[in-house]
Amino acid sequence: MYNFIQKFHSGWAYLALLVLVIAVINSLIGMFSKKEFTAKDRKIAILALIAIHTQLLIGLILYFVSPLGLASLGQMSDKALRLTSLEHPLINIIGIALITIGWTKHKKLLTSESKFKTFSIFYGLGLLLILSRIPWSMWL
């Protein structure tokens, strides 16, 4: 069970990151080209939100069944264990919270420029945080 969840978490990460990158690029293009915010732009953003929340759910399940998760919190002197048991989950939850805040804030905004700017900032910061704490040596 653990191996399946771990592989699923790693595989889904490619899709979630791809959709999130597309959403950030779309919002930057929309912001700099001063185009109108359309239903397509909203769908791209919600797909990124859904994909990244699904990744969070899979990750939380993995965290509680993994020997590298909760059980290894007491071993903070080991860099690899600290990354997988503390830094990766904590920073990614903060990044996902920023993405969620960006989605929530955009609904109250009226102009296309402010919607694209909100997505660019919050989704972009979330993406940077997530990328900063991926355990690359274990993932690739």
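Some values worked out for this structure:
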| quantity | calculated |
| --- | --- |
| Within region 39-55, tally of residues that are of a type in the set (D, E, K, R), out of contact with any Phe, Trp or Tyr (no Cβ under 8 Å at 6 or more places or on another chain) and surrounded by 15 or more Cβ atoms within 10 Å (Cβ to Cβ) | 1 |
| Pairs, first part of a helix (DSSP H, G or I) in region 1-28, second acidic (Asp, Glu), C-beta under 9 Å, six or more apart | Ala23/Asp41; Asn26/Asp41; Ser27/Asp41 |
| Residue, surrounded by the most Cβ atoms within 10 Å (Cβ to Cβ), within region 96-133, restricted to residues that are without any contact (Cβ under 8 Å) to a residue 24 or more places away in the chain and among the charged types (D, E, K, R) | Lys105 |
| Residue in region 38-55 that is out of contact with any Lys or Arg (no Cβ under 7 Å at 6 or more places or on another chain), in a loop (DSSP other than H, G, I, E, B) and modelled with pLDDT under 95 present | no |
| Enumeration of residues in region 86-109 that are under 21 Å from Ile25 (Cα atoms), assigned to a loop (DSSP other than H, G, I, E, B) and out of contact with any helix residue (DSSP H, G or I) (no Cβ under 7 Å at 6 or more places or on another chain) | Lys107 |
| Leading residue by the ranking (modelled with the highest pLDDT) among those in region 70-95 that are more than 26 Å from Tyr123 (Cα to Cα) and surrounded by 15 or more Cβ atoms within 10 Å (Cβ to Cβ) | Leu81 |
| Lone qualifier among Gly11, Gly59, Gly30 - being crowded, with 19+ Cβ neighbours inside 10 Å and more than 13 Å from the chain's Cα centre (by Cα) | Gly30 |
| All positions within region 1-41 that are aromatic (Phe, Trp, Tyr), more than 18 Å from Thr54 (Cα to Cα) and out of contact with any Gly (no Cβ under 8 Å at 6 or more places or on another chain) | Phe32 |
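The values are calculated or read from the model by the stated rules, or taken from the named source; none is laboratory data. In this text, all values refer to a predicted model and were calculated from it rather than measured experimentally. Every residue, glycine as well, gets a Cβ built from its backbone with ideal geometry; the counts of neighbours run over all protein chains shown.
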